[in-house]
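Asks: This is the structure I have questions about; it appears just below.
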Amino acid sequence: MGFIECDAKVLGKAWSRMVHQDGGFNPFKWPSRPEHFDLLPWTRNMNPKAFAECPQRLGLYGVMPDADWVKRMVDAQIPTVQLRFKSEDKKRIRNQIAQSVEAVKGTKTLLFINDYWQEAIEAGAYGIHLGQEDLDTADFDVIRNAGLRLGISTHGYAEMVRADRLCPSYIAMGAVFPTNLKVMPTVPQGLGRLYKYAQLMSHYPLVAIGGIDAGSIHAVAQSGVGSIAVVRAITGEPDPTAAVKYLQGLMQT
């Protein structure tokens, strides 16, 4: 079925639980319920370590390279934006984050900061977004106590189960389609897997990400995710503001 080893192991255990719960094996049935994967969605509201909630539907989610682009997205009235600024210069990082936080003040746009959780706390950002590689070093107690929302990237069953243990504010799933913006740990998930992932993790706000453009965004929206993250579908267009409006319309049709 093309799953990487860690996902295959998680899926195998889920299938075993499903067979045990159903009292028999059905080759035409796929594990799709939280209990098949040992997820406990009904305990989230009782978990003192759950991160602050964010809207179930974050809408169109622009992932932008710098504060100037964040400001452009605020002016375009995009509902959610992420600052994904890459630098080794701490002063530049703090400056970019501070400018981005200032840009969304007094607006309805929600801002997430990629990676730099300490600087995001200092600047008073709404939330942060972490990749799987960041989970081993982040201080989740500090992030949680600061009141920041937490989004986590996932690339398959194993990482979704891992993310669920942290009770984040939202879970991002991808890459849905091929992308060369970053090296991905897995092959593209495709619409088929995305639809199954969205069904399984529906107790979270969900963000689909990876290679999504105007030609595919409607089909992605039909999966049930409440948000779709895009990069070049906005930054690569001659009129980014018009692109935001166009993409939002495609999500709703």
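Asks: Along the Cα→Cβ direction, 7 angstrom out, place labels at Thr107 and Asp68. What is the inter-label distance in nm?
Replies: About 1.6 nm, to one decimal.
Asks: Hey, another quick one. For segment 124-131, take each phi angle, set θ = phi - 60°, evaluate the Karplus expression 6.51 cos²θ - 1.76 cosθ + 1.60, and give the result in whole Hz per residue in order, putting x for glycine and proline.
Replies: x, 5, 5, x, 10, 10, 10, x
Asks: OK, next. Using the beta-carbon distance between Asn95 and Ser16 and R0 = 41 Å, what value does 1/(1 + (r/R0)^6) give for FRET efficiency, to the nearest 0.05?
Replies: Between Asn95 and Ser16 the formula returns 0.20.
Asks: Stokes-Einstein D for the chain at 25 °C, 0.890 mPa s, Kirkwood Rh over Cα pairs, in µm²/s?
Replies: Working: Rh = 18.8 Å.
Calculated translational D: 131 µm²/s.
Asks: Distance between Cα centroids, segment 140-164 to segment 1-21: provide it in whole Å.
Replies: With segment 140-164 and segment 1-21 each reduced to a Cα centre, they are spaced 22 Å.
Asks: For segment 201-243 and segment 48-89, write down the distance between their C-alpha centroids in whole Å.
Replies: Going from one Cα centre to the other spans 13 Å.
Asks: Which shape class, rounded, prolate or oblate, goes with segment 109-244 when its Cα gyration tensor gives a ≥ b ≥ c as root eigenvalues, a/c under 1.5 marks rounded, and past that a/b bigger than b/c marks prolate?
Replies: Because a/c hits 1.5 or more and a/b fails to exceed b/c, segment 109-244 counts as oblate.
Asks: Extension gain Ala242-Phe25, at 0.36 nm per residue separation less the Cα-Cα distance, in nm? Each step should come with its number before you reach the end.
Replies: Numbers: separation 217, 0.36 × 217 = 78.12 nm, distance 5.12 nm.
In short, 73.0 nm is gained.
Asks: Just to be sure I follow the definition: excluding the sites themselves, where is the longest run in the chain that has none of the trypsin sites (Lys or Arg not before Pro) in a DSSP loop with at most 15 other Cβ atoms within 10 Å?
Replies: With trypsin sites (Lys or Arg not before Pro) excluded where exposed in loops, the chain gives 109-181 as its longest stretch.
Asks: May I have the count of lysine pairs in the chain with C-alpha atoms under 13 Å apart, counting pairs 8 or more residues apart or located on different chains?
Replies: 4
Asks: Using a cut-off of under 18 Å, list every residue of segment 121-141 whose amide N is near the label point 7 Å from the Cα of Glu53 along the Cα-to-beta-carbon line.
Replies: 127
Asks: Can I ask one more? Taking one equal scatterer on every alpha-carbon of segment 71-145, how large is log10 of I(q)/I(0) by Debye at q = 0.20, 0.24 1/Å?
Replies: Log-scaled intensity ratios, in q order: -0.84, -1.13.
Asks: Still on this structure, please answer the following. Which of the chymotrypsin sites (Phe, Trp or Tyr not before Pro) across segment 1-87 are loop residues per DSSP, with 15 or fewer other Cβ within 10 Å? Could you put the intermediate results ahead of the total?
Replies: On the way: sites: Phe3, Trp15, Phe25, Phe28, Phe37, Trp42, Phe51, Tyr61, Trp69, Phe85; in loops: Phe3, Phe25, Phe28, Phe51, Phe85.
Here the sparse-neighbourhood loop sites are Phe25, Phe28.
No value in this document is a laboratory result; all are computed from the given coordinates. Just so it is clear, the model here is predicted, and its values are computed rather than measured. Note that we place each Cβ from the backbone using ideal geometry, even for glycine, and neighbour counts take in every protein chain shown.
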